[in-house]
Amino acid sequence: MHTTGRFTVFMTGMAITFLLSCSPRQPVDFRPEVVHTTASGVTIVWQSPGKYTGTLFFRPVASDESPGIKKERRPVTNHEIVLDGLAPGTQYIYRLKGTETNYQFRTQPSGTEPFSFLFSWGKMTGSLPELYRNELPDFIFSLTPFTRQDEQSLSRVRPFIPVFDTGGISSPVLEMSGEQRHTGTTWRLDWGGFGFIILDDVSSLTEHLVPLQAYAIGLFPLKTTSFQSTIGTGQSGLHSLLVSHNETYPAHKAAFVIIPGSRIRQTTLDSITYLEVPLQTADPGYMRIEVEIESIRAVYEGMEIVLKSPPLKEKRTCEECRRLADQGAYEKSIQAYKSFIENNKDHFQIDDAYYAIAEIFDTKLFDFPRALEYYALLIEEYKDSALASIAQQRVHYIMQYSEYDFRPLAEFEQIRQVEYARKKDDPLQRAELFSRIALFPAKYPQSKLLPVINYWYANQLKEYDVKKAVAQYLLLAKNYPESDYAREVYWEVGQAYYNAGYYNDAINAFKEVLILQPERKEEINAQIKRCTRNITRSYLAIIAVTLLFTMVCTGVFTPPPGIKRIILGQSLVVLIAGTGCFFILGWFIYEQFTSIIEYMLLAGGMGGSVTFSFLFARTIAVKVIKHAKAGIALLGIIFSLLSLTCTMYLLLYLVNQHYLIIFTL
């Protein structure tokens, strides 16, 4: 019976832990994916471990209006919410109900608005999250197909922008829902007024060129061996088709073709640019593609490559001017733009040059009077330009803070845009910047910019000292109660407390928001519910630790004190066998884990949990019931289940609390 009891305890533990490891068949972090975007809508998908009716909150980033709410019709595990009626080229913030993270997406621009995206190749996935933050592209397209090993990095980008490779949208959620990728077929990606064709077979090209909503088209042939050998002569069948298309549809031309090579090299033939990228080497890389209605250019390691020139074979406005600005030679760039304007009075992009000068004065030199001068020239002389409306918005913003001859605005923008990015990681330099920020109310007591400065200061403090951040938020509400930012103070205080783990304080702050903004009742109650849930989790963790500590003390100190060697030896066998089993089981569902570290911690922790349960449940049962073998087996099972529950809870609580959602905790 001793053997039967031990076997029962062990197998019970193995069965429970097997269920724990296999139950989350979908990712339990509810990390969404932006999979389809148009100028007026977006599709967001995600997975949950169990069925429920998903709800999504969203609003424009620049708006303080109450968030919109979109709900699914029925409980599912593969979730999909389609938002429509959105504004083109607009940044939105969104959050899934039941999660704690805010994400953002951007709708496609209208067909005439500029945008940018990234081409990447090779093993760049580890760098994609940082590239997204630095470049802020509308989407990312990898010329190298993604693999399973790329998922961890890609999962940090997909909640914000669509990610494509040569097989189409990269989305584990859609793949698990059964959506087929474009493997081995020709397909086309349309974005704004630009089309990009992934060409598998030249014979299928014409049908993908014919949709004429794009003002420019790019191509990436997947099979290029014979094509590359004839590209220099212009005798390629693909090239002939493109030339014929461009002659027939001059307003919808094929502008460029991306082809594999050993280095970056550009060839222009019959106004079609062939750009070789080093796909044939092991070196990863990326380039930014900037798309405008009259021109397309690629930027690679500081080098600019024109993929589509403006009409009449004219170069885009003053490439040397932009190059100087990119190098930080702002005064020289301004002089170059002025010379360009003076020497090209009738050029079709003089408005672009005016805007570029104003933008340098505005965002680089912080010389706002000069910026206003050139914004005014643009608005007055080029009223119909698409840039005129953008200039008017900047004029409105700058003029709001024109007091003290723009000095507060210039000093603040210098700190916010330039110095803070360089110095925030150094505690001494960061403290010096914060001390300068704190002096603004005394230096400029009448400045309308003070609420903006106070709000920014509090937001930065959140990362380093939540108590000081809260003090700044409350100071904002006290000193500037009429400010738009004051309305968000208690919400920000609640979020700051929540992120720092002060859940009771967060609940109090969210209750203040509920009083001030009752129209946000559903959103605020969801936040309060999350705070209460996390408090409950903390209490359960304390209870689990207490029970386990009691079991250890009981097992070790109950006479006769200590643990028998035979039980220790058996526990070692259980540890080796159990841990090995969980590593094998975990490997079959490896894609469900957020990282290799989480996989190793959970698999190893489960093996340890089974071992702990076996060791102390067996020891306590033998010491409490010394002779009744059936009683020892029964008590061993009870203590095993108790200790296993406690150790498993602590494991999930410490490694990834989102897994607790499986048990509605």
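The values are calculated or read from the model by the stated rules, or taken from the named source; none is laboratory data. Predicted model, so just to flag it, every value in this text is computed and none were measured. Ideal geometry is used to build each Cβ from the backbone, glycine not excepted, and the neighbour counts take in all protein chains shown. All accessible areas refer to the heavy atoms of the entire protein, side chains included, with ligands and DNA or RNA removed. Shrake-Rupley method; radii C 1.70, N 1.55, O 1.52, S 1.80 Å.
If the Cβ limit is 6 Å and pairs must be 6+ apart or interchain, which residue in segment 554-569 that is among the β-branched types (V, I, T) pairs with which residue that is modelled with pLDDT under 85?
T554/I620; T558/K623; I563/T619; I567/R618; I567/T619
How about segment 469-524: which of its residues are touching a residue at least 60 places away in the same chain (Cβ under 8 Å) and of a type outside the set (S, T, N, Q)?
Of all residues in segment 469-524, those touching a residue at least 60 places away in the same chain (Cβ under 8 Å) come to 484, 487-488, 498, 517, 519-520, 522-523.
Answer for segment 469-524, where residues must be touching a residue at least 60 places away in the same chain (Cβ under 8 Å) and of a type outside the set (S, T, N, Q): D484, R487, E488, Y498, E519, R520, E522, E523.
Go through the residues of segment 496-504 one by one and say whether even a single one is open to solvent by 20 Å² or more (accessible area, probe 1.4 Å), within 18 Å of Y455 (Cβ to Cβ) and assigned to a helix (DSSP H, G or I). Break it down stepwise before answering.
Applying the first criterion (open to solvent by 20 Å² or more (accessible area, probe 1.4 Å)) to segment 496-504 yields 497, 499-504.
Next cut, within 18 Å of Y455 (Cβ to Cβ) only: 497, 499.
If we keep only those that are assigned to a helix (DSSP H, G or I) too, we end up with 497, 499.
There is at least one residue in segment 496-504 that is open to solvent by 20 Å² or more (accessible area, probe 1.4 Å), within 18 Å of Y455 (Cβ to Cβ) and assigned to a helix (DSSP H, G or I).
Restricting attention to segment 410-420, does a residue exist that is in contact with a Pro (Cβ under 9 Å, 6 or more places away or on another chain), in a helix (DSSP H, G or I) and either on the phi > 0 side of the Ramachandran plot or polar (S, T, N, Q) (or both)?
No, every residue in segment 410-420 fails to be in contact with a Pro (Cβ under 9 Å, 6 or more places away or on another chain), in a helix (DSSP H, G or I) and either on the phi > 0 side of the Ramachandran plot or polar (S, T, N, Q) (or both).
Among (1) open to solvent by 50 Å² or more (accessible area, probe 1.4 Å); (2) modelled with pLDDT under 85; (3) polar (S, T, N, Q), where does Q335 come up short?
Failing condition for Q335: (2).
Being buried (at least 16 other Cβ atoms within 10 Å of the Cβ) and outside any helix (DSSP H, G or I) is the filter here, so list the residues in segment 554-569 that pass it. If you could, list the steps in order and put the result at the bottom.
Taking segment 554-569 as the starting set, the residues that turn out to be buried (at least 16 other Cβ atoms within 10 Å of the Cβ) are 555, 563, 567.
Scanning segment 554-569 gives a single hit, I563.
I need a count of the residues in segment 130-145 that are closer than 19 Å to H36 by Cα and part of a helix (DSSP H, G or I).
Adding up the residues that qualify gives 1.
Within segment 294-323, track down each residue that is open to solvent by 20 Å² or more (accessible area, probe 1.4 Å), hydrophobic (A, V, I, L, M, F, W, C) and at pLDDT 85 or above.
Scanning segment 294-323 gives V299, V306.
In segment 360-403, how many residues are closer than 19 Å to E292 by Cα, crowded, with 16+ Cβ neighbours inside 10 Å and either without any contact (Cβ under 8 Å) to a residue 24 or more places away in the chain or over 31 Å from the mean Cα position of the chain (by Cα) (or both)?
Of the residues in segment 360-403, 4 are closer than 19 Å to E292 by Cα, crowded, with 16+ Cβ neighbours inside 10 Å and either without any contact (Cβ under 8 Å) to a residue 24 or more places away in the chain or over 31 Å from the mean Cα position of the chain (by Cα) (or both).
Considering only residues that are among the hydroxyl-bearing types (S, T, Y) and buried (at least 19 other Cβ atoms within 10 Å of the Cβ), which ones fall in segment 240-293?
Taking segment 240-293 and keeping what is among the hydroxyl-bearing types (S, T, Y), we get 240, 244, 248-249, 262, 267-268, 271, 273-274, 281, 286.
Matches in segment 240-293: T273, Y274, Y286.
Using the structure shown, decide if L136 is under 16 Å from the mean Cα position of the chain (by Cα) and either farther than 20 Å from L56 by Cα or among the β-branched types (V, I, T) (or both). So that I can check it myself, show each step before the final result.
Numbers: under 16 Å from the mean Cα position of the chain (by Cα): yes; either farther than 20 Å from L56 by Cα or among the β-branched types (V, I, T) (or both): yes.
Considered against the rule, which asks whether it is under 16 Å from the mean Cα position of the chain (by Cα) and either farther than 20 Å from L56 by Cα or among the β-branched types (V, I, T) (or both), L136 comes out as yes.
Would it be correct to say that V157 is farther than 22 Å from P260 by Cβ and not charged (D, E, K, R)? Outline the logic, then answer.
Working: farther than 22 Å from P260 by Cβ: yes; not charged (D, E, K, R): yes.
Yes, satisfied.
Can we say G126 is open to solvent by 50 Å² or more (accessible area, probe 1.4 Å) and of a type in the set (G, A, S)? Let's see the steps before the verdict.
Working: open to solvent by 50 Å² or more (accessible area, probe 1.4 Å): yes; of a type in the set (G, A, S): yes.
Yes; evaluated as a whole, the condition is true for this residue.
Quick grid of which residues meet (1) at pLDDT 90 or above; (2) more than 27 Å from F406 (Cβ to Cβ):
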{"residue": "A438", "(1), (2)": "yes, no"}
{"residue": "K443", "(1), (2)": "yes, no"}
{"residue": "K462", "(1), (2)": "no, yes"}
{"residue": "V470", "(1), (2)": "yes, yes"}
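From (1) under 37 Å from the mean Cα position of the chain (by Cα); (2) at pLDDT 85 or above; (3) surrounded by 19 or more Cβ atoms within 10 Å (Cβ to Cβ), pick out the condition that doesn't hold for A214.
(2)
Going residue by residue through segment 86-100, is there one that turns out to be within 28 Å of R297 (Cβ to Cβ), modelled with pLDDT of 90 or more and open to solvent by less than 10 Å² (accessible area, probe 1.4 Å)?
No, segment 86-100 contains no residue that is within 28 Å of R297 (Cβ to Cβ), modelled with pLDDT of 90 or more and open to solvent by less than 10 Å² (accessible area, probe 1.4 Å).
Condition (residue is under 25 Å from L83 (Cα atoms), touching a Pro at 6+ places or on another chain (Cβ under 6 Å) and not aliphatic (A, V, I, L, M)) applied to segment 127-134: is it met by at least one residue?
No, segment 127-134 contains no residue that is under 25 Å from L83 (Cα atoms), touching a Pro at 6+ places or on another chain (Cβ under 6 Å) and not aliphatic (A, V, I, L, M).
Out of segment 146-201, which residues are within 16 Å of the chain's Cα centre (by Cα), of a type in the set (S, T, Y) and assigned to a loop (DSSP other than H, G, I, E, B)?
Of everything in segment 146-201, those that are within 16 Å of the chain's Cα centre (by Cα), of a type in the set (S, T, Y) and assigned to a loop (DSSP other than H, G, I, E, B) turn out to be S155, S170, S171.
Report, by residue number, each residue of segment 570-612 that is part of a loop (DSSP other than H, G, I, E, B) and either touching a Lys or Arg at 6+ places or on another chain (Cβ under 9 Å) or open to solvent by less than 30 Å² (accessible area, probe 1.4 Å) (or both). Steps first, answer last, please.
At the first step, the residues of segment 570-612 found to be part of a loop (DSSP other than H, G, I, E, B) are 589, 593-595.
If the condition is that a residue be part of a loop (DSSP other than H, G, I, E, B) and either touching a Lys or Arg at 6+ places or on another chain (Cβ under 9 Å) or open to solvent by less than 30 Å² (accessible area, probe 1.4 Å) (or both), then I589, T594, S595 are the ones that fit.
Restricting to segment 101-112, and then to whatever is surrounded by fewer than 17 Cβ atoms within 10 Å (Cβ to Cβ) and part of a loop (DSSP other than H, G, I, E, B), can you tell me which residue is modelled with the highest pLDDT?
N102
Out of R487, R533, report the one residue that is closer than 19 Å to N459 by Cβ, of a type in the set (K, R) and in a helix (DSSP H, G or I).
Sole residue among the options that is closer than 19 Å to N459 by Cβ, of a type in the set (K, R) and in a helix (DSSP H, G or I): R487.
Conditions tested, residue by residue: (1) over 30 Å from G126 (Cα atoms); (2) in contact with a helix residue (DSSP H, G or I) (Cβ under 8 Å, 6 or more places away or on another chain); (3) modelled with pLDDT of 80 or more.
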residue: F557; (1), (2), (3): yes, no, yes
residue: K564; (1), (2), (3): yes, yes, yes
residue: Q570; (1), (2), (3): yes, yes, yes
residue: L585; (1), (2), (3): no, yes, yes
residue: T611; (1), (2), (3): yes, yes, yes
residue: K623; (1), (2), (3): yes, yes, no
residue: H627; (1), (2), (3): yes, no, no
residue: L635; (1), (2), (3): yes, yes, no
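Which residue pairs have Cβ atoms closer than 6 Å, lie 6 or more positions apart in sequence or on different chains, and pair a first residue in segment 167-193 that is farther than 18 Å from I44 by Cα and modelled with pLDDT of 85 or more with a second residue that is among the acidic types (D, E) and assigned to a strand (DSSP E or B)?
Once the first residue is farther than 18 Å from I44 by Cα and modelled with pLDDT of 85 or more and sits in segment 167-193, no partner that is among the acidic types (D, E) and assigned to a strand (DSSP E or B) comes close enough.
(1) within 28 Å of L241 (Cα to Cα); (2) buried (at least 20 other Cβ atoms within 10 Å of the Cβ); (3) without any contact (Cβ under 8 Å) to a residue 40 or more places away in the chain: which one isn't true of F117, the others all being true?
Of (1) within 28 Å of L241 (Cα to Cα); (2) buried (at least 20 other Cβ atoms within 10 Å of the Cβ); (3) without any contact (Cβ under 8 Å) to a residue 40 or more places away in the chain, only one is false for F117: (3).
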